[in-house]
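Heads up: the structure comes next, in structure tokens.
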Amino acid sequence: RLRVALVGAGAVAARCHLPAIRAVPEVRPTLVVDADAERARRFAAEHKIPTAYGSYAQLLTDPRIDAVYIAVPNGLHGRWTKAALEAGKHVLCEKPFTANAEEAASVAEAARHSGLVVMEAFHYRYHALTARMLEILNSDELGSITKMAAWIYFPRVPPTNARWVYQLAG
């Protein structure tokens, strides 16, 4: 079994990441860590995760963890992806992978030398709809495509949410 730690105990981790982890029989959610130790404990109790930490450093030294799912604010993705790699953990990092090109290059270099799996959690790449769209485009079923338009929607979040805070790579 692959023992996974959730790095970040937010609503998205509960609503999206944890169900996906539990959908794979070979993967076990083993630990949750959050900068707020009490929040991590509540999350672990509510979601029946055996261990909760209030320290990211504590997670990195835990030999029971094989991989981490990084779900902290955007500006912390690169820092904790790199730290997890250096600690010998595989990484699945929520998007965006890093906050800027320099940080991305640094993480890519660490990944190259680690021999570990490192990936941005961009699930659309593996979605059945994406596969079908590519199939249609490659089949010439619609003829020659000369223009395409797309829209993306996401739930509104208050302006104080970390997703809008520039210093956190929002």
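The values are calculated or read from the model by the stated rules, or taken from the named source; none is laboratory data. Predicted model, so just to flag it, every value in this text is computed and none were measured. Note that we place each Cβ from the backbone using ideal geometry, even for glycine, and neighbour counts take in every protein chain shown. Keep in mind that these areas ignore ligands, DNA and RNA; they rest on the heavy atoms of the full protein, side chains included. Shrake-Rupley method; radii C 1.70, N 1.55, O 1.52, S 1.80 Å.
Remarks
- Dipole magnitude for the chain: about 460 debye, using +1 per Lys or Arg Cβ and -1 per Asp or Glu Cβ, origin at the Cα centre.
- Protein accessible area in the chain, 1.4 Å probe - carbon and sulfur %: 59 percent
- Within the shell of other residues whose beta carbon sits under 10 angstrom from the beta carbon of Val27, the net charge comes to +2, with Lys and Arg scored +1 and Asp and Glu -1.
- The chain, helix-only ellipticity at 222 nm - DSSP H runs n ≥ 4, -39,500 (n - 2.57), divided by all residues, nearest 500: -9500 deg cm²/dmol
- Short-range pairs are left out: with C-alpha atoms under 8 Å and at least six residues apart, the relative contact order of the chain is 18 percent.
- Exposed GluC sites (Glu not before Pro) absent - longest run of the chain, DSSP non-H/G/I/E/B, at most 10 other C-beta within 10 Å: 27-140
- For Kirkwood radius over Cα pairs in Å, calculated from these coordinates, the label among (1) 17.5; (2) 20.6; (3) 16.2: (1)
- Trypsin sites (Lys or Arg not before Pro) restricted to the stretch 1-70 and DSSP loop, no more than 14 other C-beta within 10 Å: Arg1, Lys48, Arg64
- For the stretch 69-85, backbone nitrogen atoms closer than 15 Å to the point 7 Å from His113 Cα along Cα-to-C-beta are found at 82-85.
- Counting only protein heavy atoms and a 1.4 Å probe, the chain has 64 square angstrom of accessible area per residue.
- Average Cα contact separation per residue, the stretch 1-73, under 8 Å, 6 or more apart, as relative contact order %: 42 percent
- The length gained on full extension between Phe154 and Leu129, counted as 0.36 nm times the residue separation minus their Cα-Cα distance, comes to 7.2 nm.
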